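**Q** Quick one: this structure, given as structure tokens, is what I'll be asking you about.
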Amino acid sequence: MTLTIHTISGAPCAWRVLAGLALKGLSWEQNVLSASDGEHKKEPFLSLNPRGTVPVLEAGGCVIRDSIAALAWLDRAFPERPLFGSCPDEAAKIWQITMETNSYLRDACHAVLAPVLVQRVTPAPGSQEEAALKTAAETLHRECRWLEGLLDGRPYLAGDAPSAADAVAFPEIRLIQRAVETRHAIMEKLGFGFPPNHYPRLADWKERMSALPGMAETLPPHWNEQDSRPAARNYKRSISAAATPDQAFHALTQGFGDWWTESDNPILQPGDRAKFTFPPGHSFWTFEAKRLVPGELVELECVEALHLHEGQPSGIQTEWHGTRAIWRIFPDPQGCRIRFEHEGLRPSLLCYRICEAGWDHFFVSSLKAFLDTGQGTPHRVEEKKQL
Ligand SMILES: N[C@@H](CCC(=O)N[C@@H](CS)C(=O)NCC(=O)O)C(=O)O
């Protein structure tokens with residue numbers, strides 16, 4: 001079943017559902033609406049949600065128009081890794097924190113982050129606007145202290161495992177961090193320096209949440225575009241496929257010819273080298289295995305490169321040298337999800353556009369088709385296709 005989430009980049013209510021999906025290890029499709037074009041207030045979106053708010057989760061024939069309802073639905077539809085606990089007492093605790101977060105932390109965050117992060121105001125010292133922002137910040141500090149208290153002696157808000165309470169609170173706290181990073185002076189004035197100085201347990205929890213599988217994929221897409229950190233601009237794509245993690249691992253270590261191109265050797269252990277050739281131009285890349293975890297991770301480093309492409313400058317030839325291809329594999333209800341990051345393959349490289357199109361073909365389409373159906377569309381000598 002395809003799970004489609006309609007969202008606005010950075011909207012915390014929609015992000016909650018993405019966090020819930022990540023906690024469950026599920027994959028999703030995203031329809032990112034443009035708030036500046038008012039897409040959420042027009043058709044066709046209004047037919048899905050006449051209130052014109054996000055999120056909307058579409059799952060089979062079911063349309064769910066509220067973030068917490070969507071989390072509750074996910075828990076029924078995919079009971080593994082429960083979001084709302086596994087006994088009445090756990091459920092009560094999780095629901096209570098979830099609803100308190102929804103009622104109080106959300107409003108408190110909105111009152112600070114709408115002016116600071118969205119409208120990007122800088123109130124004049126002594127102005128009414130500044131006084132209002134300071135009052136809003138005090139309320140937000142109160143809610144942060146509440147969360148800090150909940151985390152006393154436990155790793156997650158409602159206990160030892162992440163739950164819906166964490167999925168609902170995470171976007172708010174991550175948005176505060178964003179405001180601290182991008183509007184530091186004003187946040188500092190409001191008493192939000194870098195969070196570890198103020199709320200150490202909350203800061204640890206945020207890091208713990210951020211490191212959970214799939215959570216990085218929930219970050220607002222527009223942060224990636226604005227972000228100047230190199231890692232944010234590596235080529236990255238995800239697919240999900242109807243194959244087991246072990247089958248995916250096999251295709252990524254010994255079955256390259258089924259979806260990419262033939263290699264001279266299989267990759268069996270760290271240190272193994274495989275040369276991938278693309279006749280008729282005879283481009284090639286040699287990769288060395290750095291980290292291999294069966295069913296979970298394949299990390300290869302390019303140690304030799306000759307990229308030839310008609311009409312392209314010779315500068316592209318060795319651009320892949322030193323880059324790393326990293327595939328992370330996760331089980332999911334459809335079979336598996338694979339996150340691919342080609343570390344070092346960035347828009348600043350001359351070859352980026354060609355390689356982006358190449359990987360979109362070989363990884364996103366061909367590997368998926370191969371894992372889904374046994375039939376990929378790898379490079380064939382006679383097709384003269386070049387990556
Ligand atoms: N109770 C709803 C609230 C939805 C909501 O207010 N979403 C905000 C984003 S966090 C929104 O769509 N705002 C745009 C608008 O109201 O125009 C839920 O949790 O799903």
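The values are calculated or read from the model by the stated rules, or taken from the named source; none is laboratory data. Computed from a predicted model, the values in this text were never measured in an experiment. Virtual Cβ from ideal backbone geometry, glycine too; neighbours counted across all protein chains shown. Areas reflect the complete protein model, heavy atoms only, side chains present, ligands, DNA and RNA absent. Shrake-Rupley method; radii C 1.70, N 1.55, O 1.52, S 1.80 Å.
**Q** Over segment 230-383, calculate the relative contact order: mean separation of alpha carbon pairs under 8 Å at least 6 apart, over the residue count, as a percent.
**A** Relative contact order comes out at 30 percent.
**Q** Count the net charge of all other residues whose Cβ sits under 11 Å from the Cβ of residue 257, scoring Lys and Arg as +1 and Asp and Glu as -1.
**A** Computed value for this residue: -2.
**Q** For segment 46-189, what mean projected area does the convex hull of the alpha carbons give, in nm²?
**A** Its Cα hull, projected and averaged over all orientations, spans 10.5 nm².
**Q** Using only the alpha carbons, work out the radius of gyration and Dmax of segment 288-340 in angstrom.
**A** According to the Cα coordinates of segment 288-340, Rg and Dmax are 15.1, 45 Å.
**Q** For residue 189, list the lysines whose Cα falls under 24 Å from its own Cα; do not include residues on the same chain fewer than 8 positions away.
**A** 134, 206
**Q** Then there's this: At a threshold of 8 angstrom on Cα-Cα distance, excluding pairs fewer than six apart, so keeping six or more, what relative contact order does segment 3-77 reach in percent?
**A** Relative contact order for segment 3-77 comes out at 36 percent.
**Q** While we're here: Looking only at 316, 267, 97, which one moves most when the chain is put into a Gaussian network model with springs between Cα atoms under 10 Å?
**A** Of 316, 267, 97, the most mobile in the Gaussian network model is 316.
**Q** Among 71, 140, 86, whose Cα projects farthest towards the positive end of the dipole of the chain, with charges put on the beta-carbon of Lys, Arg (+1) and Asp, Glu (-1)?
**A** Farthest towards the positive pole: 140.
**Q** Ok, one more. Could you tell me how many cubic angstrom of Cα convex hull volume the chain has per residue?
**A** Hull volume over Cα atoms, normalised by residue count, gives 170 Å³.
**Q** Roughly how many nanometres apart are two label points built 7 Å out from the Cα toward the Cβ at residue 34 and residue 321?
**A** For residue 34 paired with residue 321, the spin-label model returns 4.2 nm.
**Q** Considering just Cα atoms, how many Å³ per residue does the convex hull of segment 3-77 enclose?
**A** Each residue corresponds to 78 Å³ of Cα convex hull volume.
**Q** Step by step: find N for segment 26-127, compute 2.2 N^0.38 Å, then divide the Cα radius of gyration by it. What's the final number?
**A** Its radius of gyration relative to the 2.2 N^0.38 Å reference: 1.38.
**Q** Considering just Cα atoms, how many Å³ per residue does the convex hull of segment 230-383 enclose?
**A** Hull volume over Cα atoms, normalised by residue count, gives 97 Å³.
**Q** Using a 1.4 Å probe on the protein heavy atoms only, what accessible surface does residue 291 show? Give it in Å² to the nearest 10.
**A** Surface accessible to solvent at residue 291 totals approximately 110 Å².
**Q** Applying 1/(1 + (r/R0)^6) with R0 = 30 Å to the Cβ-Cβ distance of residue 364 and residue 264, what FRET efficiency is obtained, to the nearest 0.05?
**A** Once rounded, the FRET efficiency stands at 0.75.
**Q** Counting only heavy atoms of the protein chains, get the accessible area per residue of segment 88-225 (1.4 Å probe) and round it to a whole Å² value.
**A** Value returned for segment 88-225: 47 Å² of accessible area per residue.
**Q** Still on this structure, I have one more. Grab the Cα-Cα distance for residue 216 and residue 99, subtract it from 0.36 nm times how many residues apart they are, and report the gain in nm with one decimal.
**A** Net length gain for the segment: 39.7 nm.
**Q** List the pairs from 42/368; 24/93; 290/368; 236/290 whose alpha-carbon separation is above 22 Å, in the order I gave them.
**A** Those over the limit are 42/368; 290/368.
**Q** For the chain, what's the relative contact order in percent, using C-alpha pairs closer than 8 Å and at least 6 residues apart?
**A** Value for the chain: 14 percent.
**Q** Of all trypsin sites (Lys or Arg not before Pro) in segment 5-95, which ones are in loop regions per DSSP and have a Cβ with at most 12 other Cβ atoms within 10 Å?
**A** Sites meeting the loop and neighbour criteria: 42, 51.
**Q** Let me know the longest stretch in the chain that avoids all GluC sites (Glu not before Pro) found in a DSSP loop with at most 13 other C-beta atoms within 10 Å.
**A** The answer is 81-309.
**Q** Just how large is the dipole of the chain about the Cα centre, in debye to the nearest 20, putting +1 at every Lys and Arg Cβ and -1 at every Asp and Glu Cβ?
**A** So the magnitude is around 520 debye.
**Q** Report, in debye and to the nearest 20, how large the dipole of segment 137-280 comes out about its Cα centre when Lys and Arg carry +1 and Asp and Glu carry -1 on their Cβ.
**A** Using Cβ point charges on Lys, Arg, Asp and Glu, segment 137-280 gives about 380 debye.
**Q** Let me ask something else about it. Once the piece of chain linking residue 282 and residue 246 is laid out straight, how much longer is it, given 0.36 nm per residue of separation minus the C-alpha distance between them?
**A** Computed gain between residue 282 and residue 246 is 9.8 nm.
**Q** Can you give me the Kirkwood hydrodynamic radius for segment 307-365, using every pair of distinct Cα atoms, in Å to one decimal?
**A** For segment 307-365, inverting the mean 1/r across all distinct Cα pairs yields 12.9 Å.
**Q** Short version: ³J(HN,Hα) in whole Hz for each residue of segment 234-244, in order, from phi by Karplus 6.51 cos²θ - 1.76 cosθ + 1.60 (θ = phi - 60°), x for Gly and Pro, what are they?
**A** 4, 5, 9, 8, 10, 9, 10, 8, 8, 8, 6
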